[in-house]
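First the structure, in the form of structure tokens, and then the observations on it.
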Amino acid sequence: KAGVTQTPRYLIKTRGQQVTLSCSPISGHRSVSWYQQTPGQGLQFLFEYFSETQRNKGNFPGRFSGRQFSNSRSEMNVSTLELGDSALYLCASSLAGSVGGHGYTFGSGTRLTVV
Amino acid sequence: QQQVKQSPQSLIVQKGGISIINCAYENTAFDYFPWYQQFPGKGPALLIAIRPDVSEKKEGRFTISFNKSAKQFSLHIMDSQPGDSATYFCAARGGSARQLTFGSGTQLTVLP
């Protein structure tokens, strides 16, 4: 079956702009989590959505937001981009209630560069 | 208390050798400990995982050893191959938010 699809794969934005990233989970998966990966901070949890509701949120500023649609696809938005937002943004999908379990599958990520 | 500390940062091993990566945690609420493998340009992929009621789990060439009293766990890769060259992350799940907390990663290079 198809894996987790993230679009776009690469993105270059200017400071102050906003960006929207998309994630299509594995068919049947209802939970989507977002992580930020940087060389300095590693993998950090952003938020998790389940059935269109944000279930958990990491320690990121309010410029980072997300949503989930009725078909489980998710988007994350970053407003007023800063240079430090340059990172690989990873989406992971899972069956309900199995966060971090064997049903937890990552996409290949969106590489965001802020200039 | 949510941290997972991973070492070494990088590791070079000869083909056929044993690769060992270590992780330590503080939060006793963690209840699931997966290891992920990440190749350049790809997202992390689950390699093997263990629960704290088990001291060892083996899958093929990959073994997790878990020491609950010391709050440490490690990944052993036996007969390491050049194709194993990747970044490895330990992680822990649990606590109030139930998301994964990742270690800082180990870049493994297996020389042919």
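The values are calculated or read from the model by the stated rules, or taken from the named source; none is laboratory data. Everything quoted here is computed from the prediction, not taken from an experiment. No Cβ is skipped: glycine too gets one built from the backbone with ideal geometry, and neighbour counts run over all protein chains shown.
Step by step: first the residues of the range A:1-44, then only those that are small (Gly, Ala, Ser) and under 23 Å from A:Thr80 (Cβ atoms), then the one that is modelled with the lowest pLDDT. Which residue is that?
To start, the set of residues in the range A:1-44 that are small (Gly, Ala, Ser) comprises A:2-3, A:16, A:22, A:24, A:27-28, A:31, A:33, A:40, A:42.
Restricting the remaining residues to those that are under 23 Å from A:Thr80 (Cβ atoms) gives A:16, A:22, A:40.
Details: A:Gly16: 97, A:Ser22: 98, A:Gly40: 85.
Here the residue is A:Gly40.
So that you can scan it fast, the table gives a plain yes or no per residue for (1) more than 10 Å from every other protein chain (Cβ to nearest Cβ); (2) polar (S, T, N, Q):
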residue	(1), (2)
A:Pro39	no, no
A:Gly62	yes, no
A:Ser65	yes, yes
A:Arg73	yes, no
A:Ser86	yes, yes
A:Cys91	no, no
A:Arg111	no, no
Just need a number here: residues in the range A:60-115 that are modelled with pLDDT under 95, over 18 Å from B:Gln38 (Cα atoms) and aliphatic (A, V, I, L, M). 3
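Identify, please: which residue in the range B:11-38 is among the hydroxyl-bearing types (Ser, Thr, Tyr) and under 25 Å from B:Pro112 (Cβ atoms) and is, among those, nearest to the other protein chains (Cβ to nearest Cβ)?
Kept after step one, since they are among the hydroxyl-bearing types (Ser, Thr, Tyr), are these residues of the range B:11-38: B:19, B:25, B:28, B:32, B:36.
Of the ones still in play, those that are also under 25 Å from B:Pro112 (Cβ atoms) are B:19, B:36.
Values: B:Ser19: 20, B:Tyr36: 8 Å.
Among residues in the range B:11-38 that are among the hydroxyl-bearing types (Ser, Thr, Tyr) and under 25 Å from B:Pro112 (Cβ atoms), the one nearest to the other protein chains (Cβ to nearest Cβ) is B:Tyr36.
What strands (runs of 3 or more DSSP E) lie completely within chain B and have 2 or more residues being surrounded by 15 or more Cβ atoms within 10 Å (Cβ to Cβ)? Walk me through it before giving the result.
Values: elements: B:4-7, B:10-14, B:19-25, B:30-38, B:45-50, B:56-59, B:62-67, B:72-77, B:86-94, B:100-102, B:106-111.
Ranges flagged: B:4-7, B:10-14, B:19-25, B:30-38, B:45-50, B:62-67, B:72-77, B:86-94, B:100-102, B:106-111.
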Candidate set from the range A:77-92 (those that are among the aliphatic types (A, V, I, L, M) and crowded, with 23+ Cβ neighbours inside 10 Å); member that is nearest to A:Ser108 (Cα to Cα): A:Leu90
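Give the residue that is surrounded by the fewest Cβ atoms within 10 Å (Cβ to Cβ), with candidates limited to residues of the range A:37-50 that are within 12 Å of the chain's Cα centre (by Cα) and over 24 Å from A:Asn71 (Cβ atoms).
Going through the range A:37-50, the residues within 12 Å of the chain's Cα centre (by Cα) turn out to be A:37, A:43-49.
Going one step further and asking which of them are over 24 Å from A:Asn71 (Cβ atoms), we end up with A:37, A:43-44.
Details: A:Gln37: 21, A:Leu43: 23, A:Gln44: 17.
Across the range A:37-50, the extreme among qualifying residues is A:Gln44.
For the condition over 10 Å from the mean Cα position of the chain (by Cα) and of a type outside the set (A, V, I, L, M), what is the one hit in A:Ser22, A:Ser27?
That would be A:Ser27, the only listed residue that is over 10 Å from the mean Cα position of the chain (by Cα) and of a type outside the set (A, V, I, L, M).
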For B:Ser74, which of the numbered conditions (1) in contact with a Phe, Trp or Tyr (Cβ under 6 Å, 6 or more places away or on another chain); (2) over 26 Å from A:Gly109 (Cα atoms) fails to hold? (1)
Could you go through the range B:85-108 and let me know if any residue there is touching a strand residue (DSSP E or B) at 6+ places or on another chain (Cβ under 9 Å), among the small types (Gly, Ala, Ser), more than 10 Å from chain A (Cβ to nearest Cβ) and without any contact (Cβ under 8 Å) to a residue 40 or more places away in the chain. yes
Could you list, ordered by first residue, the pairs with Cβ atoms under 8 Å in which the first is in the range B:62-82 and within 16 Å of B:Leu46 (Cα to Cα) and the second is acidic (Asp, Glu), at least 6 apart or interchain? B:Thr63/B:Glu56; B:Ile64/B:Glu56; B:Ile77/B:Asp84
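Being touching a Cys at 6+ places or on another chain (Cβ under 9 Å) and of a type in the set (Phe, Trp, Tyr) is the filter; apply it to the range B:26-44 and report the residue that is farthest from B:Arg93 (Cα to Cα).
So in the range B:26-44, the residues touching a Cys at 6+ places or on another chain (Cβ under 9 Å) come out as B:33-36, B:43.
With the extra rule that they be of a type in the set (Phe, Trp, Tyr), the set shrinks to B:33, B:35-36.
Numbers: B:Phe33: 6, B:Trp35: 11, B:Tyr36: 13 Å.
My answer is B:Tyr36.
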